[in-house]
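Single-structure report; data block below.
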Amino acid sequence: MHKFILMLLFAMTALSCGTDSDAGEFVVGSDYLALNNKVVLIDTVTVDMSTINFDSLVTSNQSRILIGNYEDPIYGKVKSNSYFQLASDSYALINSGSDTETTNYVFDSISMILKYDNYYYGDTTKVQTFDIHRLIQKVKPNTDDNNFYNNSALTYSDESLGTISYKPRPLEKDSVNIKMSSTFGAALFQKLKKREITDFDSFNEYLKGLVLVPSTSNSASVIGFHVTTSKVRLYYSKYQADQETSFIIDFTIQDATKQFNAVSLDRTGTIIENLPVSSSKLSSLLTSHQGFIQSGTGVACKIDFPNIKQLKYLSDKGAIVDAQLLLKPVNNTYSEKYPLADSLKIYVADNLNRISGSLVNSAGTSVFGILNKKSDEFNENIGYLVPIGNFLQKEMLKPSDSKSSLILTLPGISKTVNRIVLGDQKHLNNKIQLKIYYISY
């Protein structure tokens, strides 16, 4: 401890011999502007990095069907099934006359239409395959909070009601059309025609829901589709007086809370294979001086400042007026297929990784890590800058021995599979950097 304090005092002495230009970079209270006041830069404070794994993430009511499968070169095998319940605005065939007129109606075909929502991750140049299966269970959560999670699952039939192999074009095309089983469609049509299905309850008893399951053999990406505009469309025709008239019935996801994505990660053989339980952490010292974040699967990066309380001994009266944390993605872990997110979402948590809220500034506004996209020859400038002065000032002045940590995640944590690898303080090329500006008065 004494060695640490002496190092900081030496840094203060060295910097105080410079100009007063440092103090002019900060807006502080008028009481701090006396001639002898100095703002010093401290950049030797220890920053510990680790990786954690949340028990689960809420993936229902996220407005995205997420479907796909790929093998990540760092994280392992990623897969997302999507479950949903269907409903219709009407369960009656179009009928302008008597009920006997329905005898002239015939089934044509049935298809699922999935509307792209522009989200994708992985290699979209390769063919993706997935199947449609019928749920055996109703889409009803087993928990008291009415949510579904990334590790939720419902039983479904082995029989495929439709399959498609295609190259995803989420930015070029509007939708994907999957032709479904005519046997399944004809049976549903007969239920409607005979008025055995007349409302949502009778329909839901017959068709509890569907699940989209990607192939594990040739899929190489995860694709997002709109919940509100995707549908199952039943086509039928009416024959009367040698004339044919075509009609449709659409079955849509009308209750977004009854749609969820089951996102799994098989980490076998990876550097993060041995992630501990959610209340513990895996030090970056055991993962090649790296921390890991992945949306959808619950992998997150944890940052600790074990010695921050020592700063209060620098002077009788002093404060942290600003602090900047620069997090650097590890070279060669991101690419066009695995792009960097524009920002990081940051939470405050305790030693058991229990989140108390978002990281905020002194005004109470949420703080994000913003990506600097300005690259250079060696990518030295690429990183996420996080202002944490307000957080560290509170940590420094805490009367108790308890310490808070920062948990780094990605925006869209519950509806994407984006990931980032960050370097810790001892990483060879992409070191995390902390700059603290401290004023004594």
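Observations on the structure shown:
- Candidates V263, V222, V227, V213, filtered to the one that is touching a helix residue (DSSP H, G or I) at 6+ places or on another chain (Cβ under 6 Å) and closer than 24 Å to V139 by Cβ: V227
- Any hit, segment 219-227, residues being surrounded by fewer than 20 Cβ atoms within 10 Å (Cβ to Cβ) and either over 30 Å from F54 (Cβ atoms) or among the hydroxyl-bearing types (S, T, Y) (or both): no
- Restricted to segment 45-96, and to residues there that are among the polar types (S, T, N, Q) and part of a strand (DSSP E or B), the residue that is nearest to T416 (Cα to Cα) is S80.
- The residues of segment 191-205 that are exposed (fewer than 13 other Cβ atoms within 10 Å of the Cβ) and not in a loop (DSSP other than H, G, I, E, B), listed by number, are D201, E205.
- Restricting attention to segment 281-328 and to residues that are among the aromatic types (F, W, Y) and open to solvent by less than 20 Å² (accessible area, probe 1.4 Å), the residue that is nearest to the chain's Cα centre (by Cα) turns out to be F292.
- Test: residue in segment 408-424 that is more than 20 Å from the chain's Cα centre (by Cα) and either modelled with pLDDT of 95 or more or part of a strand (DSSP E or B) (or both): yes
- Looking only at residues in segment 110-160 that are surrounded by 15 or more Cβ atoms within 10 Å (Cβ to Cβ) and touching a helix residue (DSSP H, G or I) at 6+ places or on another chain (Cβ under 7 Å), the one that is nearest to S295 (Cα to Cα) is V139.
- Evaluation of P339 against (1) under 12 Å from I420 (Cβ atoms); (2) of a type outside the set (K, R); (3) surrounded by 13 or more Cβ atoms within 10 Å (Cβ to Cβ) (one fails), failing number: (3)
- When each of N331, N390 is tested for being free of Cβ contacts under 8 Å to residues at least 40 places away in the same chain, surrounded by 13 or more Cβ atoms within 10 Å (Cβ to Cβ) and polar (S, T, N, Q), the lone residue that passes is N390.
The values are calculated or read from the model by the stated rules, or taken from the named source; none is laboratory data. Quick caveat, the model's predicted, so the values are computed rather than measured. Note that we place each Cβ from the backbone using ideal geometry, even for glycine, and neighbour counts take in every protein chain shown. Keep in mind that these areas ignore ligands, DNA and RNA; they rest on the heavy atoms of the full protein, side chains included. Shrake-Rupley method; radii C 1.70, N 1.55, O 1.52, S 1.80 Å.
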